[in-house]
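Let me begin by presenting the structure, written as structure tokens, before commenting on it.
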Amino acid sequence: MQRALSLDQSPSLSLTLPLFANVPFFGLLAALLALYSGPELFNSRWLPATLALTHAWTLGIVGSAMFASLTHILAVACNVRIQVSSGRALVFWSLLSVGTLLLMTGFLSWQSWTYTLAGICLALALGGYLLTVMLALWHSRHDVFRGAKEIVAPIRLALLGLLLTVLTGLAMLVALASEQAVANLLNLHMMMGLAAWAGLLLLAMSFQLLPIFQITELYPAPLVRWLPWVVSALLIAQWALASLPGSWLPVRDLVTYLIFLSYGLWAVITWARLWKRKRPTAGASTLFWYSSLSSLLLAVLLNFWTHNPAASNTELAIGVLLIMGALGSVVCGMLYTIVPFLLWREAQKHVSMDTDNTEHTRALLRFIPKTANYIPASTARAHWALHSLSLALWAGASLGIESFTWIAAPTLLLSFAILSWNLWTAWQRYRNSLHAIRAYQAEHHIAATPHCPES
């Protein structure tokens, strides 16, 4: 495991920023939908609004951020560069965004044509993404950094999970579009989406990025090597058991418990490493990691209570804790790390490193804010506080606390409004630095650096 990143290989801003912008957009959309739906949203996970809200999170918020972050981690941590043009990246973003909106519309209206169009858009977007990333991994198989080979394995397993998630989802969309009975693929679709695709990618990212950005101890080598394979084996067993008769139900439940416990073990070890980190202060990204791990551990505990007769809507609460808590918290924390870096790196490309006149170079670099100054720490912490409060309210409302059902949606709306403001602030500071650089170059008759988007 290497403790260094090749940050100069990070994809250009134009390739991934639209995907990161999807997070606040679909977050605000989900909050408005929840506000419009009212407390009835928490009555069942099968309500049309609940299904639309779930996919706004899994595709629009978590999915968009994971698709973008995977291209970065492969480039900077594994030496696997995904060669795509800005045009192709824009097509992927458009298909993914439109497909997600159509899918949400389909759940709300139950119109078959929306399912058809959503299936076409998402099949093209996700199929193209999978093909592009898999080909990049194959072509770079001999160039992977020596210390990164252990995280390439869980990434490949996560991509296999994404493939199965897409295939099962498309099969159900075909059934909905043709107004036929949906095949019994729902549990497999959820398991592969959460435990295989999202979960395994989260493991891979934590193994590499936490020791670097949070300055923690390295994970135990046996955990890094074997945990992704153990989870994958359990998921295969769960898939095989799904078609067996009801007498195998106790075995299926046992496998589900073991999957949850596997991720619980990772969460406990990660929490301990974060607690003993060498970085003295806990920034926003660290706080979001704590929220993520806490949500995952609560979901593990709640899973053991699902068969209790007194349990009410625990499956909905587990979904909230996993999607909004464990995954959504990491996504928000990641934005506060990666977006300022991308803006800082992009701004530096507009400065020519003049070796004959370093005074001008130093003057131009002073116009570029440090990465820590793009988003104020106070507003980032405010977002974390509101996000954590919103998460608690949504989990409580899912468990039947009636008073929480009225304030969960407004709190979520406010949380994403602050995230939107923080990202807009970072963008404006980036734009202001470019204006200052161009004004200085014009005043001192310095040729502007030609800036060509990376392909």
Open item on the list: What's the longest uninterrupted piece of the chain once you rule out the chymotrypsin sites (Phe, Trp or Tyr not before Pro) that are loop residues per DSSP with at most 15 other Cβ within 10 Å?
Closed with: 111-303
Task: Dipole of the chain, positive direction: furthest Cα of Ile259, Pro211, Thr270, with charges on the beta-carbon - done: Pro211
Task: Nearest-20 debye value, the chain charge dipole, Cβ charges on Lys, Arg, Asp, Glu - done: 980 debye
Open item on the list: Just to check I understand the Karplus step: with θ = phi - 60° and J = 6.51 cos²θ - 1.76 cosθ + 1.60, what whole-Hz values come out for segment 18-34, glycine and proline as x?
Closed with: x, 5, 5, 5, 4, 4, x, 4, 6, x, 5, 5, 5, 5, 5, 5, 5
- [ ] Arrange the following residues from fewest to most other Cβ atoms within 10 Å of their Cβ: Val91, Val300.
- [x] Val91, Val300
- [ ] Tabulate in residue order the Karplus-calculated ³J(HN,Hα) for segment 418-428, using 6.51 cos²θ - 1.76 cosθ + 1.60 with θ = phi - 60°, rounded to whole Hz; enter x for Gly and Pro.
- [x] 5, 4, 4, 5, 5, 5, 5, 4, 4, 5, 5
Open item on the list: With n ≥ 4 as the cut-off for DSSP H runs, can you work out [θ] at 222 nm for the chain, using -39500 (n - 2.57) per run divided by the number of residues, rounded to the nearest 500?
Closed with: -24000 deg cm²/dmol
Task: Segment Val174-Ala417, length gained on full extension (0.36 nm per residue, minus Cα span) - done: 83.9 nm
TODO: Name the shape class, rounded, prolate or oblate, that the alpha-carbon gyration tensor gives for segment 198-278, where a ≥ b ≥ c are the square roots of its eigenvalues, rounded holds for a/c under 1.5, and otherwise prolate holds if a/b is larger than b/c and oblate otherwise.
DONE: prolate
Open item on the list: To make sure I understand the rule: partners must be lysines, Cα under 25 Å from the Cα of Lys370, and not fewer than 8 residues away in the same chain. Which ones qualify?
Closed with: Lys278, Lys349
Open item on the list: Sort Lys276, Lys149 by Cβ crowding within 10 Å, fewest neighbours at the top.
Closed with: Lys276, Lys149
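No value in this document is a laboratory result; all are computed from the given coordinates. These numbers were taken from a predicted model, which means no experiment stands behind them. In this analysis, Cβ positions are derived from the backbone assuming ideal geometry, glycine residues included, and neighbour counts consider all displayed protein chains.
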